[in-house]
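Read through the structure below, which is laid out as structure tokens, and then see the notes.
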Amino acid sequence: MAEFKKVVITNKGQALMAKLMSGVGTVEFTKMAVSSTTYADNQLVGLTSLAGIKQNAPISKVLRTNNVAVEVHAAITNDDLTIGYHMQTLGLFAKDPQEGEILYAVTNASVAGYMPPFNGKTPSGAFFTMVTTVGNAENVTLEINPSAYATIGNVNDLQGQIDNLEAYIGYQDTEIVGLEADFATSTFKRLAGAENRTPGASFNNLEPFGGRKRCILTDDGKVLAYHGQAGYTETGKLTQAITIGETTYPIGTIVQVMVEQPKFYYKVVPLKLDKVQDGKGFHLRKARYYVSAKHKAGFKIHPAFVRNGKEKNFVYLSAYEGAIYDESAGAYILDDAQVADFATDKLSSISGTKPASGLTQNLTRANTRKLAQNRGLGWEQAYGATVAATQLLFAIEYASFNTQTAIGMGVSKTDDGATNQSEPTGATTLLGNTSGKADNGSITYRGEENFWMNIFKWVDGLNIEAKSMNNLYVADNAFVDDLGTTPYQDAGITIAKSNGYISAFAYNENFDWLFFPSETIGNTSVPVGDYLYQNNAHNGWFTALLGGSWNDGTDGGGFCWRVSNAASDRSRGRGGRLVYVPGVVA
């Protein structure tokens, strides 16, 4: 394979560039020429032609990369080549409005690739991409020779168009499951492999859904047993020894009850968008959501499985809302006693504990983060991408965004105005990896108990800058509060600026996996049924809380957000939950 050095603009090319910069005329790139002649680097700028040209390549594509540069594509094959040669020099030719065709730019090979003669059976080819300065890219014509060979870039563009067309028409691949959601009419339709399926057992043979299973995990990320296996316990400590390979984990080994979520890929196809008039992004009125266990053309890996640029095959979501392990006492706090030591204690996920709250202790989002990270490398509190994975899977499985109607309202009580009234964890222990609800109102979605209601849960990696805009910033690592710069990225959306029931989700292509409302004129049932609490009039930063609490009633649900609390806030109605991401190193 040929490798070329930097592109040198010839003297003739520089003169043409000066004309373009002054606004005189336009330029058309006419061809690339491949030469077997070797030139010294210092010869290139003075060249007006190339010796030893073996093949000419018509221009197949020209793109403006910015105001002063273009990207030019060309391709050749050896269909008519009888004698092979080494590709030593590549020249780009252009039309000068006064002088005609000139040699505009040249590059020579650091490694000369060999173009063989045609053997009568299998053709060979080469694809070239040259990025060059033109001074004024607006004065470059983008017309190309229709007889030019397609480059890899052209083929990829065409394939992308085919992939998008298939997404609009509808996939036939049964490994893909999807949902068409029309938020304007509150109609939802199963697509592709999801057609004729019903929630529950019929989704079990699909890895993103049926592959979700409760397990017990050591602090260093070792799965010791899955739900139903010998030694599995939800007490937070092994009640019998477990041997894996040559390692025996004794009775008393600390373990957390987690939900193993296998990696999956997704695609969001917007079908109807309205531009947000007083902010960023779009109102998503109608869309198709797709999920696949395998990578499919046009699909992206869900960001829950990418942390700081590294892909993961699994993430582990807490089965239960967070309680606190008292490191000094060597015991779990079962009754939400307000005695946390945020320097040493650990956020936990076990059965039989009242979820930790900030009744009197300073259980802010930052301190909940500390408790999670105290458990060791890879441990965090739930963050934006991990909760979005569950939201997407639920929506496709149930063909709905109303979690309370589909599975259950969740724990709901008349508030006493004074205490943490959340129900203890573990009411859904017997439901295991399935979805459903318990007698005390607790719900579970495929192993995750009380994803909504019971107590609001802090969500990390989401910072909201109010300042009359409600702009959202997103990160997947190095979490801090009140920040909109690296590692946080502007999501390019504006969260709705009024409290109310969700009627449209915000859309930006780069963050199409998010489920944040851009509009709140719905009701308790449709199209989502969940409420947004916000305060855009505030001149500062807010955090994100998910799901609702015991006193939120029909306002709550798996898409209910509260983005109106400062990072310094704590409350008897707010807690957190764990996430473990494998393979994180210091």
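The values are calculated or read from the model by the stated rules, or taken from the named source; none is laboratory data. Quantities reported herein were computed from a predicted structural model and do not represent experimental measurements. A quick note on method: Cβ atoms are made from the backbone with ideal geometry, for glycine too, and the neighbour counts reach across all protein chains shown. Areas reflect the complete protein model, heavy atoms only, side chains present, ligands, DNA and RNA absent. Shrake-Rupley method; radii C 1.70, N 1.55, O 1.52, S 1.80 Å.
Measure off 7 Å from each Cα along the Cα-to-Cβ vector at Thr248 and Asp482, then give the distance between these two points in nanometres to one decimal.
5.3 nm
Is region 240-368 rounded, prolate or oblate when judged by the Cα gyration tensor, a ≥ b ≥ c being the square roots of its eigenvalues, rounded requiring a/c under 1.5 and prolate requiring a/b larger than b/c?
oblate
With the full set of protein chains in place, find how many percent of the accessible area of region 418-525 is carbon and sulfur; take the probe as 1.4 Å.
The C+S portion of the solvent-accessible surface of region 418-525 is 49 percent.
Which cross-chain or sequence-distant (5 or more) residues have an amide H under 5 Å from the amide H of Leu47, H modelled 1.01 Å from N in plane?
Result for Leu47 returns Asn11.
If a helix is a whole DSSP H run, which ones in the chain reach 24 Å or further along their own axis (Cα) and hold a mean Kyte-Doolittle hydropathy of at least -1.0?
152-169
Lys and Arg at +1, Asp and Glu at -1: add these up for the other residues within a Cβ distance under 15 Å of Phe128 and post the number.
+3
Please work out the FRET efficiency for the pair Glu101 and Lys189, using the Cβ-Cβ distance as r and a Förster radius of 41 Å; give the result to the nearest 0.05.
After rounding, the FRET efficiency stands at 0.15.
So between Lys467 and Ser110, what do we pick up on full extension, going 0.36 nm a residue minus the alpha carbon distance?
Stretched fully, the Lys467-Ser110 segment lengthens by 123.1 nm.
Near Lys346, within a Cβ-to-Cβ distance under 14 Å, what is the net charge of the other residues, with Lys and Arg +1 and Asp and Glu -1? Don't skip to the end; give the middle numbers.
Details: positive: Lys237, Arg369, Lys370, Arg375, Arg577; negative: Asp219, Asp220, Asp326, Glu327, Asp341, Asp345, Glu380.
Result for the local shell: -2.
I want to check the label-to-label distance for Lys310 and Ala566. Put each point 7 Å from Cα in the C-beta direction and report it in nm to one decimal.
Result: 3.7 nm between the two label points.
Report, to the nearest whole %, how much of the accessible area of region 314-357 belongs to carbon and sulfur atoms, 1.4 Å probe, protein only.
55 percent
Suppose each label sits 7 Å from its Cα in the direction of the beta carbon; what would the Gln14-Thr38 distance come out to in nanometres?
2.7 nm
Once phi is turned into θ = phi - 60°, what whole-Hz ³J(HN,Hα) does the Karplus curve with 6.51, -1.76 and 1.60 give for every residue of region 345-350, x standing for Gly and Pro?
Per residue, the Karplus-derived 3J(HN,Hα) values read 5, 10, 5, 9, 9, 9 Hz.
For the ranges 26-39, 43-56, what's the packing order if you count other beta-carbon atoms within 10 Å of each residue, average per peptide, and put the highest first?
Top to bottom by mean Cβ count within 10 Å: 26-39, 43-56.
State log₁₀ I(q)/I(0) for region 384-525 at q = 0.11, 0.13 Å⁻¹ as given by the Debye formula over alpha-carbon point scatterers of equal weight, solvent excluded.
With no solvent term, the Cα-only Debye profile gives -0.50, -0.70.
Ranked highest first by the average count of other Cβ atoms within 10 Å around their residues, in what order do 198-208, 283-293, 551-561 fall?
Peptide ranking by packing, descending: 551-561, 283-293, 198-208.
Based on the Cβ-Cβ distance from Thr174 to Thr122, what FRET efficiency comes out when R0 is 35 Å, to the nearest 0.05?
That pair, Thr174 with Thr122, gives E of 0.50.
Can you tally the net charge around Asn510? Count Lys and Arg as +1, Asp and Glu as -1, for every other residue whose Cβ sits under 12 Å from the Cβ of Asn510.
-1
Please compute the length gained on full extension between Gln373 and Asp335, using 0.36 nm multiplied by the number of residues separating them and subtracting their Cα-Cα distance.
11.5 nm
Per residue, how many Å² of accessible area does the chain show with a 1.4 Å probe?
On a per-residue basis, 40 Å².
Report the residues of region 99-116 in range of a label on Ile53: point 7 Å along Cα→C-beta, backbone N strictly under 13 Å from it.
Answer for this model: 101-105.
Please list the non-local residues whose amide H lies under 5 Å from the amide H of Ala544, H modeled 1.01 Å from N, same-chain partners needing a gap of 5 or more.
Sorted by chain and number, the residues that satisfy this are Val459.
Hey, could you get me the Stokes-Einstein D for the chain, Kirkwood radius over alpha-carbon pairs, 10 °C and 1.306 mPa s, rounded to whole µm² s⁻¹?
Working: Rh = 27.0 Å.
This corresponds to a translational diffusion coefficient of 59 µm²/s.
Per DSSP H run of n ≥ 4, the term is -39500 (n - 2.57); total these for the chain, divide by its residue number, and report the mean residue ellipticity at 222 nm rounded to 500 deg cm²/dmol.
When only DSSP H runs of four or more count, the value is -3000 deg cm²/dmol.
Would you mind putting 472-484, 352-364, 243-255 in packing order, based on average other-beta-carbon counts within 10 Å, highest first?
352-364, 472-484, 243-255
Under 5 Å between amide hydrogens, which residues at least 5 positions from Thr434 or on another chain qualify, with H placed 1.01 Å from N in the peptide plane?
Gly447
Go ahead and run the numbers for FRET between Asp415 and Ala230, Cβ-Cβ distance against an R0 of 41 Å, rounding to 0.05.
Efficiency computed from Cβ-Cβ geometry: 0.45.
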